[in-house]
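J.: I am attaching a structure below and will ask some questions about it afterwards.
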Amino acid sequence: ASFSCTTIRSQQMAVVDRTAEFTESVKRQRTKMGRKTPAAEVLPSRNATQFSADAISTLQSIRTMASFLQNKHAAYVLDDGLHGMSDTERDEVDEEGQRFLQACSERIAHLKQKAAETAQTAS
């Protein structure tokens, strides 16, 4: 499947942290039921693992590359004479994209391997 800049842009929706609203809602409901609300029962603490840190780093890299490609898209498709990129500049963007895809593929393969190892250990 090919992605246009519009497709990528529509997939980058704004994220709103509503954790505080959720926590307050749970507390209100439990108060109505006459129960205390220990914080650990509302939202367990997140233990950041190396796996999650690596996954987040990979996701951030993908978002950075998508942004880079969005910024270069218009100039990439225009001819040099129309204030676009020269063939040399296009080649540089292509090479950068290929290097990124290779590195990203390796990172994702590593994450898959770690996830499989964790699943085997857990069972």
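The values are calculated or read from the model by the stated rules, or taken from the named source; none is laboratory data. Keep in mind that what you see is a predicted model, and the values were worked out from it rather than measured. Cβ: placed from backbone, ideal geometry, glycine included. Neighbour counts: every protein chain shown.
J.: Looking at the range 1-83, what helices (runs of 4 or more DSSP H) fall wholly within it and have at least 2 residues that are of a type in the set (V, I, T) and modelled with pLDDT under 70?
T.: Hits in the range 1-83: 5-11.
J.: To continue, here is another question. Considering each residue of the range 84-123, count those that are in contact with an Asp or Glu (Cβ under 9 Å, 6 or more places away or on another chain) and either outside any helix (DSSP H, G or I) or among the polar types (S, T, N, Q) (or both), and give that number.
T.: 2
J.: Just to be sure I understand the filter: pairs with C-beta atoms under 8 Å, separated by 6 or more residues or on different chains, first member in the range 49-61 and of a type in the set (D, E, K, R), second member assigned to a helix (DSSP H, G or I). Which pairs pass?
T.: D54/R107; D54/H110; D54/L111; D54/K114
J.: So in the range 111-123, with the set limited to residues that are of a type outside the set (S, T, Y) and surrounded by 10 or more Cβ atoms within 10 Å (Cβ to Cβ), which one is farthest from the chain's Cα centre (by Cα)?
T.: Here the residue is E117.
J.: Please determine, by comparing only the residues of the range 63-110 that are within 23 Å of S52 (Cβ to Cβ) and of a type outside the set (A, V, I, L, M, F, W, C), which one is surrounded by the most Cβ atoms within 10 Å (Cβ to Cβ).
T.: R107
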